[in-house]
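Okay, structure first, notes after.
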Amino acid sequence: MEYGISGYQTDYRFMKKEVIQLAHETVPLTGTEQVDQIYLLGTKEDDNLIYSDIALVVENGATGEKKFYTIPTSKGMGGGIDLVDFTHDGLLDVGVYIFSGGTGSQVDYYIFFNQGKAVQLGFSNKLLEEKLKFQVTYLPKYQVEIKNLNTNETTILDLSRRSSDYLEAIYDTQGNLKNPLLGVVAPVSDSNPINSKHYSQGHDLILTQRILGRSHNDTLGYVQSYIGFDEGKYYVYRTLISQ
């Protein structure tokens, strides 16, 4: 499918690829009364499940000018667009989410802040993942400790309701660990804009990470980070750990 966007029509990288529209929104974004077109586009070859060359495109409704914005995660199994006011200034910002990872179970989230006539990339979930560090440790008596290494706060998860096969692989009959065992907090797997906690208008963002035990399929619980934005900078005002 062609969208009349010159970058995809003339660049040699796309000549043998099909351009796919992953998402499309129609809103006044660029500061005029005209409606703008916002696209999330990618390319695809044959029956490949992976989209490549993913880009955000903003078409100015007044002038017809099209601006391309590259996405750091250029490959994925799909994606979408959130149009919400993260900066609390009455202008819609553009949140882009990409389903990445081998099975699409990982979500990479980027925010392009609205500067009136253009948008600019200002946030990525990678910033959060690099900053927040957790230690996941199995304990005796069918428990797992989640320690936030940034705050030293700990949360205990209860494993006692797990299947007998699961528990017998880890614990002896007295509830002691057969061997030391650690888990991990996986990359972000879900994203949700919510109404702002600290402002009368606009939105915050929740990013969710899975707590993994013995394998990638062994979900012990979840870490949810509540993120606010102030003058283009992000801050985490709540971290919720649950089963």
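For the reader, a short list of remarks on this structure follows.
- Distance (nanometres) between label positions extended 7 Å along Cα→Cβ at L181 and Q115: 5.1
- Selection among T30, L177, V188 by position relative to the dipole of the chain gives L177 as farthest towards the positive end (Cβ unit charges, Cα centre).
- A run of the chain free of exposed loop cleavage sites, with GluC sites (Glu not before Pro) counted only in DSSP states other than H, G, I, E and B and at most 14 other beta carbons within 10 Å, reaches its longest extent at 66-152.
- For the stretch 132-242, the square roots of the Cα gyration tensor eigenvalues, ordered a ≥ b ≥ c, give a/c of at least 1.5 with a/b greater than b/c, which places it in the prolate category.
- Global geometry of the chain, whether rounded, prolate or oblate, following the gyration tensor of its Cα atoms and the 1.5 cut on a/c: oblate
- The alpha-carbon of K178 sits under 25 angstrom from the alpha-carbons of these lysines, leaving out residues fewer than 8 places away in its chain: K141, K147.
Read-outs: derived from the displayed coordinates by stated rules, not from any lab. Bear in mind the structure is a predicted one, so any value in this text is a computation, not a measurement. Cβ atoms come from the backbone with ideal geometry, glycine included; neighbour counts cover every protein chain shown.
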